[in-house]
Amino acid sequence: MTGFLTRRKRTHYCGHLKASHAGEDVVLMGWVNRRRDHGGVIFIDLRDREGLVQVVFNPDVNPDCHAEAGRIRNEFVLAVHGRVRRRPEGMENPDLGTGDVEVMADELEIMNESKTPPFVLDQMTDVSENVRLKFRYLDLRRPEIQRNLILRSGIAAAARDFFYRNGFIEIETPFLTKSTPEGARDYLVPSRVNPGTFFALPQSPQIFKQLLMVSGFDRYFQIVKCFRDEDLRADRQPEFTQIDVEMSFVSEEDVVRIMEEMIAHLFRTCLGRDLVLPFPRISYRDAMSRFGKDSPDTRFGLELRDLTDILKGSGFKLFSEIASGGGSIQAIKVDDGKSLSRKDLDDLKDFVSRFSAAGLAWARVNPEGWTSPIFKFLTPGEVTAITEKMGARAGAVIIFVADSPGVVRDALGHLRIHLAEKLGLIDPKAFAFTWVTGFPLFEFSETEKRYVSTHHPFTAPVPDDVPFIESDPGSVHAQAYDLVLNGSEIGGGSIRIHRKEVQALIFKALGLGEEEARNKFGFLLDALEYGTPPHGGIAFGLDRLVMMMTGADSIRDVIAFPKTQKAACPLTDAPSRVSVEQLMELSLKIAT
RNA sequence: GGGGUCGUAGUUAAGCUGGUUAUAACGCCGGCCUGUCACGCCGGAGGCCGUGGGUUCAAGUCCCAUCGACCCCGCCA
C-alpha cells in the first residue's frame with residue numbers, strides 16, 4: 001500500500017490532459033467519480049480539482065492491475081501510472097474536456113477506500129441542503145461548487161491586485177472589538193480576563209478604517225469577515241465577507257470612479273467581460289418612484305407610474321377614498337399580458353398582501369377599451385388618461401395598487417420583480433449596474449419615534465444641506481452611494497464627517513446625548529479633534545458579488561461552510577452547549 | 001416574532017376520499033459482460049413514513065404539539 005508517493009510524483013491534473021499529451025507516461029491522483037466495469041475492460045472516471053479523465057484498466061495491459069481495479073468503488077482515492085493515448089476512432093466523448101484521450105493504466109494504488117457516499121456526486125442528482133451541508137466535505141467535491149469557490153478566489157485575487165497597483169494598503173482590523181448598539185445585533189464574546197464584560201465581533205471595520213485615515217494611511221483596503229446577528233435570507237449569512245475600502249482627500253465622485261474601475265477589473269479578469277463605464281446613476285428619489293425600491297433592477301421595464309392625480313376623484317370608491325386619505329395609486333404595465341390568466345391576475349392580490357397592500361386592481365387593454373373589474377367605475381376620460389400615461393397599447397395589462405405611498409412602492413417594487421421573473425423578461429446573462437446616490441441622511445423611525453441614520457451616523461451631509469440639519473432633518477441629503485447589480489445591493493459607502501462640529505450636529509439630530517455619544521464613539525470623536533482629513537469609502541459584499549458572477553441561487557453556494565437559516569452549522573453542530581467550567585471561567589450563568 | 005412550502009429506503013420522489021404485504025428511479029450488494037462514458041442484462045438487500053400526543057375498529061394519510069430544512073415579511077445603521 002505504501003511506497004507509491006516515494007516512488008512516483010503526480011505529473012498532471014486529470015482535467016488537464018489533452019490530445020497533445022498522447023504517448024506520454026503520466027501519474028494521476030484523484031477520486032473515483034464513476035466506474036464502468038465491463039467484466040473485461042474497466043473504465044474509471046478519475047476526478048480532481050481540474051476535471052475528469054477516463055482511465056482504462058485492460059487485463060491485456062496488466063492483469064494484476066486490472067484485478068485490483070475490480071475492487072474500486074466510488075470516491076476511492078487512486079494513484080495511477082499509465083500512458084496517455086488518443087481514444088480509438090469514434091470513441092471520443094465531446095461532453096468531457098479530456099474526451100479526446102484516455103489513460104491506459106499499468107500501475108494502480110488504491111490510496112484510500114471510501115464508504116459509499118450518502119449521495120452521488122454528480123450534477124444530475126439533486127440533494128436537499130441539510131444533507132449537503134451535513135456532508136459538506138463531499139458536497140464540496142462537486143465540480144459546480146468547486147468552480148464557484150475557485151472563481152471566488154480569483155475575484156479576491158483580482159481585487160487585491162487592483163488595490164495594490166492603485167496604492168492601497170491592506171491593513172487588518174480587530175475582530176474582538178467594542179459593541180456599538182446602533183445597527184444590527186452584535187455577536188458577543190465574553191472576556192475572561194475582565195469578568196462581566198464583552199467584546200463584539202465587528203459588523204464592519206467602519207470606525208477602524210476611519211481611524212486609519214486619521215493616521216494618514218491615505219488608501220486602505222481589506223477583504224474581511226463581518227458579523228451580524230440577524231435573521232438569514234437566501235443572500236444573507238451571519239458571517240460574510242466585505243471588500244472594505246477607505247480613502248483620504250476624496251470626493252464622492254472620486255470614490256465612485258475608482259471603485260467602478262475596480263469592479264470592471266474583476267469582471268474583465270475573472271469573467272472575460274468588458275463592462276461599460278461609467279455605470280449609470282440614479283437618485284434615491286428616482287429609484288423609489290420608478291422602481292419602488294432603493295436597489296432597482298434595471299434589466300427590465302415595468303416601471304411604476306403614479307396615477308393618484310387621475311384617480312383621486314374617481315367613481316371607484318376604494319381609489320378615491322385612499323387618495324383623499326393621503327394615499328397613492330400607482331401602477332405598472334406589462335406590455336404583453338397574454339400569458340397572464342385571469343387567475344394569475346387575481347392571485348396578485350395575495351402576492352401584494354404580503355406587503356400589507358390593501359387594494360389591487362388590474363386592467364387588460366383592448367383596442368376597444370378595457371377588460372377590468374373596475375372598468376365600469378371609471379369615466380372614459382379616466383380610462384384614456386391612464387392608458388396614455390401608462391403608454392399602454394392593445395394587449396397590455398395594467399396593474400394598480402392603492403395604499404399609503406410607502407406600501408404602494410413596496411408592493412409594486414416587489415411585484416414588478418415577481419412578474420418579470422414569471423414572464424421571463426429578465427436576460428439571465430445581463431449585468432445591470434447602477435449607482436444610487438442622493439440618499440436622505442436621516443429616516444424617521446416610526447418604532448423609535450425619532451430620526452435614525454439611513455447609512456450610519458458618520459455619513460457626511462451634502463454641504464448645502466448642513467443648515468437644515470436642525471430645522472428639517474428629513475430634507476438633508478447624504479454624500480452616500482450604493483452600487484446595485486441586477487436589483488441587489490452589492491456595495492455601499494459614503495463620504496464621512498471629518499469635522500467635530502458637524503458630527504455633534506448629527507448626534508444631536510439623532511437624539512444622541514453628548515454623554516451617550518461619548519460613551520459609544522468617544523474615541524472617534526477624540527480622533528476628529530486631531531487633524532482628521534476629509535475621507536470616504538465603500539464596502540462591497542464579496543459573497544453577493546460572487547453569487548452574481550457565478551450565477552449561484554444561494555449565498556450558501558459560494559461559501560465553503562455556510563450556516564443554515566437557523567444560523568447553525570449541521571456539519572460541526574455549532575452552536576453548541578459548553579461546560580459549566582467554561583462558563584464559570586467567563587463568569588457566566590445560563591439564565592434559562 | 002409572523003406567513004408559506006416541505007420532512008416516506010442511502011438519495012430524490014409517488015402514495016388519491018383513512019382500509020391487505022408502503023411504490024418507483026438512482027445508489028448499494030451478488031452474478032454475467034473487453035469499448036463504455038448517467039454502460040448494459042439478471043438477481044437481491046434495504047423503511048421508527050421527522051418526533052410526541054390525539055381521533056378512529058383501523059393513520060404514511062385526519063387533528064394538535066414539537067423539531068428540522070428552505071422561501072418570504074419583520075429585522076439587516
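The values are calculated or read from the model by the stated rules, or taken from the named source; none is laboratory data. Computed from a predicted structure; not experimentally measured. We place every Cβ from the backbone using ideal geometry, glycine too, and count neighbours over all the protein chains shown. These area figures cover heavy atoms from the full protein model, side chains too; ligands, DNA and RNA do not enter into them. Shrake-Rupley method; radii C 1.70, N 1.55, O 1.52, S 1.80 Å.
The residue of segment A:529-546 that is surrounded by the most Cβ atoms within 10 Å (Cβ to Cβ), among those that are more than 19 Å from residue A:203 (Cβ to Cβ) and not hydroxyl-bearing (Ser, Thr, Tyr), is A:546. Go through A:227, A:240 for me and flag whichever is within 12 Å of RNA strand B (Cβ to nearest atom), in contact with a helix residue (DSSP H, G or I) (Cβ under 8 Å, 6 or more places away or on another chain) and either closer than 23 Å to residue A:575 by Cα or open to solvent by 70 Å² or more (accessible area, probe 1.4 Å) (or both). Result of the check over A:227, A:240: A:240. Looking at residue A:263, is it over 30 Å from residue A:500 (Cβ atoms) and modelled with pLDDT of 95 or more? Considered against the rule, which asks whether it is over 30 Å from residue A:500 (Cβ atoms) and modelled with pLDDT of 95 or more, residue A:263 comes out as yes.
Residues that are part of a loop (DSSP other than H, G, I, E, B) and open to solvent by 40 Å² or more (accessible area, probe 1.4 Å) within segment A:392-422 comprise A:393, A:394, A:404, listed in sequence order.
Scoring residue A:114 on the criteria (1) part of a loop (DSSP other than H, G, I, E, B); (2) open to solvent by 50 Å² or more (accessible area, probe 1.4 Å) leaves a single failure, condition (2).
Taken as a whole, segment A:375-386 holds at least one residue that is more than 38 Å from the chain's Cα centre (by Cα), among the aromatic types (Phe, Trp, Tyr), away from RNA strand B (no atom under 16 Å from the Cβ) and in a helix (DSSP H, G or I).
The set of residues in segment A:455-484 being among the hydroxyl-bearing types (Ser, Thr, Tyr) and surrounded by 17 or more Cβ atoms within 10 Å (Cβ to Cβ) consists of A:459, A:481. Would a scan of segment A:284-292 turn up a residue that is more than 21 Å from the chain's Cα centre (by Cα), assigned to a loop (DSSP other than H, G, I, E, B) and within 28 Å of residue A:423 (Cβ to Cβ)? Looking for residues that are more than 21 Å from the chain's Cα centre (by Cα), assigned to a loop (DSSP other than H, G, I, E, B) and within 28 Å of residue A:423 (Cβ to Cβ), one finds none in segment A:284-292, hence no. Screening the candidates A:83, A:71 for the property of being outside any strand (DSSP E or B), more than 6 Å from RNA strand B (Cβ to nearest atom) and in contact with a strand residue (DSSP E or B) (Cβ under 9 Å, 6 or more places away or on another chain) yields one hit, A:71. Checked against (1) hydroxyl-bearing (Ser, Thr, Tyr); (2) under 20 Å from residue A:540 (Cβ atoms); (3) at pLDDT 95 or above, residue A:215 meets all criteria but (2).
Only one entry in A:350, A:309, A:335 is over 17 Å from residue A:418 (Cα atoms) and either open to solvent by 60 Å² or more (accessible area, probe 1.4 Å) or over 36 Å from the mean Cα position of the chain (by Cα) (or both), namely A:309. Looking only at residues in segment A:3-50 that are polar (S, T, N, Q) and outside any strand (DSSP E or B), which one is nearest to RNA strand B (Cβ to nearest atom)? Here the answer is A:20. Here the condition is being at pLDDT 95 or above, open to solvent by less than 60 Å² (accessible area, probe 1.4 Å) and either near RNA strand B (Cβ under 10 Å from one of its atoms) or farther than 23 Å from residue A:270 by Cα (or both); of A:131, A:101, it holds for A:101 alone.
Every test in (1) within 11 Å of RNA strand B (Cβ to nearest atom); (2) under 26 Å from residue A:145 (Cα atoms); (3) open to solvent by 40 Å² or more (accessible area, probe 1.4 Å) is passed by residue A:53 save one, and that test is (3).
Here A:591, A:517 are screened, and the one residue that is touching a Phe, Trp or Tyr at 6+ places or on another chain (Cβ under 6 Å) and either closer than 27 Å to residue A:225 by Cβ or not hydroxyl-bearing (Ser, Thr, Tyr) (or both) is A:517. Residue check: residue A:512 meets all listed conditions (1) closer than 21 Å to residue A:249 by Cα; (2) part of a loop (DSSP other than H, G, I, E, B) but one, namely (1). Within segment A:134-157, if we keep just the residues that are part of a loop (DSSP other than H, G, I, E, B) and more than 11 Å from RNA strand B (Cβ to nearest atom), the residue that is nearest to residue A:542 (Cα to Cα) turns out to be A:140.
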